[in-house]
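Beneath this line is the structure, given in structure tokens, with notes to follow.
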Amino acid sequence: MDKEIDLLEETGKLLPRPVRRDEYEDGVRLIGGDPGVVVAELRGGKILLSQYDAIWEGPHTLTVRPIPIVTVQCEDMTAEERVEVVKSLIRLISKRRRKLYERCQYCNKLTAPEYQHGDDTCQGCAQRELGVDY
């Protein structure tokens with residue numbers, strides 16, 4: 001168990017900042033970035049890396065639904081190899097996630113999909129400019 005905790009902590013150091021710990025029904029996962037970008041979970045000594053995704057299940061309930069991308073088999077790697085592999089995969093997943101961001105037509109900020117109102121407006125501007133009530 002200590003080895004898995006060490007592996008999770010090691011992986012957390014490679015994730016985009018800030019990193020938050022999320023406890024859910026299947027265990028513990030680390031979410032890197034704000035808004036979330038990459039999710040890391042440990043499953044039987046393997047690192048599951050996912051692209052962050054979330055859905056609104058009500059006006060104030062954002063539910064994380066990671067999209068699994070790759071599982072890293074750790075047992076046959078040195079610590080240095082594992083760090084390089086995981087770092088590269090996190091970079092690729094981050095790039096993939098950020099391609100989904102859209103620029104708001106009102107405030108010109110890049111907005112993660114879960115905070116968009118349609119394709120060209122963020123939720124904050126939808127409230128201010130369009131009178132949307134969440």
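Do we have R29 as within 30 Å of H117 (Cα to Cα), at pLDDT 90 or above and basic (K, R) here?
Values: within 30 Å of H117 (Cα to Cα): yes; at pLDDT 90 or above: yes; basic (K, R): yes.
Taking the combined requirement at face value, the residue satisfies it.
Determine whether the range 20-39 contains at least one residue that is surrounded by 17 or more Cβ atoms within 10 Å (Cβ to Cβ), under 17 Å from L8 (Cβ atoms) and either without any contact (Cβ under 8 Å) to a residue 24 or more places away in the chain or not assigned by TED's automatic domain parsing to the domain that holds L8 (or both). For the range 20-39, residues surrounded by 17 or more Cβ atoms within 10 Å (Cβ to Cβ), under 17 Å from L8 (Cβ atoms) and either without any contact (Cβ under 8 Å) to a residue 24 or more places away in the chain or not assigned by TED's automatic domain parsing to the domain that holds L8 (or both): present. Applying the set (1) surrounded by 13 or more Cβ atoms within 10 Å (Cβ to Cβ); (2) modelled with pLDDT under 95; (3) not charged (D, E, K, R) to T78 leaves exactly one unmet item: (1).
The values are calculated or read from the model by the stated rules, or taken from the named source; none is laboratory data. Everything numeric here is computed off the predicted structure, so don't read it as measured data. Please note: Cβ atoms are built from the backbone with ideal geometry, for glycine as well, and neighbour counts cover all protein chains shown.
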